[in-house]
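Trainee: First the structure, which I've put down as structure tokens, then a few questions once you've had a look.
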Amino acid sequence: MRKPKIKNLLIVLVTSLIFIQPAVSQKTINVASFGVSDCGQWVANSKSNFAIRTWLVGFMSGLNAGIATPTNDPLDKINSAEQIFLWMDNFCQKNPLKTVADGGNALYFELRMKSK
């Protein structure tokens with residue numbers, strides 16, 4: 001008996017996420033986020049810390065891969081990673097007790113509402 005390939009499993013997972021996607025209309029998704037920094041760390045280190053910036057771009061890409069559809073891709077509104085970083089600078093200045101994941105969720109769903 002052949003073991004299923006990882007690629008096939010990922011296709012099934014992404015396809016199932018597409019079908020449950022309409023149920024995800026809330027402003028945030030509460031999922032485990034490994035390696036997440038808080039806004040205090042972002043404000044103090046984001047300009048010089050490549051890892052925290054890379055984590056944020058990966059987090060946003062992961063949200064998009066799990067939720068976006070071909071007709072509703074919120075990250076199409078972003079022209080560069082620098083736009084994400086500037087948005088996060090403003091978010092963390094206003095919300096110092098939040099996390100970078102909270103900001104990533106907020107940005108993603110703000111863009112999602114604009115793309116409808």
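Trainee: Under 5 Å between amide hydrogens, which residues at least 5 positions from THR99 or on another chain qualify, with H placed 1.01 Å from N in the peptide plane?
Mentor: Amide H neighbours of THR99: CYS39.
Trainee: Cut-off under 14 Å on the C-alpha distance; same-chain residues fewer than 8 positions from LYS114 excluded. Which aspartates and glutamates are left, in chain and number order?
Mentor: Correct list for LYS114: ASP73, ASP76.
Trainee: Can you work out ³J(HN,Hα) from phi for every residue in segment 61-77, in order, using Karplus 6.51 cos²θ - 1.76 cosθ + 1.60 and θ = phi - 60°, giving whole Hz and x for Gly and Pro?
Mentor: 5, x, 4, 5, 5, x, 10, 5, 10, x, 9, 9, 10, x, 6, 5, 7
Trainee: Assuming 1.306 mPa s and 10 °C, estimate D for segment 60-108 with Stokes-Einstein, Rh taken as the Kirkwood radius over Cα pairs, in µm²/s.
Mentor: In µm²/s, the coefficient is 139.
Trainee: Related question: In a shell of Cβ-Cβ distance under 14 Å around ALA44, excluding ALA44 itself, what net charge do Lys and Arg (+1) and Asp and Glu (-1) give?
Mentor: In short, 0.
Trainee: Hey, another quick one. By count of other Cβ within 10 Å, fewest leading, how are ASP73, ASP102 ordered?
Mentor: Exposure proxy ranking, most exposed first: ASP73, ASP102.
Trainee: Let me ask something else about it. May I ask you to evaluate 6.51 cos²θ - 1.76 cosθ + 1.60, the Karplus curve with θ = phi - 60°, for each residue of segment 44-53 and list the ³J(HN,Hα) values in order in whole Hz, giving x for glycine and proline?
Mentor: 6, 10, 4, 5, 10, 10, 4, 5, 5, 5
Computed from the coordinates by the stated procedures, all read-outs in this text should not be read as laboratory data. Values in this document were obtained by computation on a predicted structure and should not be read as measured data. Counting neighbours? That spans all protein chains shown, and the Cβs are built from the backbone with ideal geometry, glycine included.
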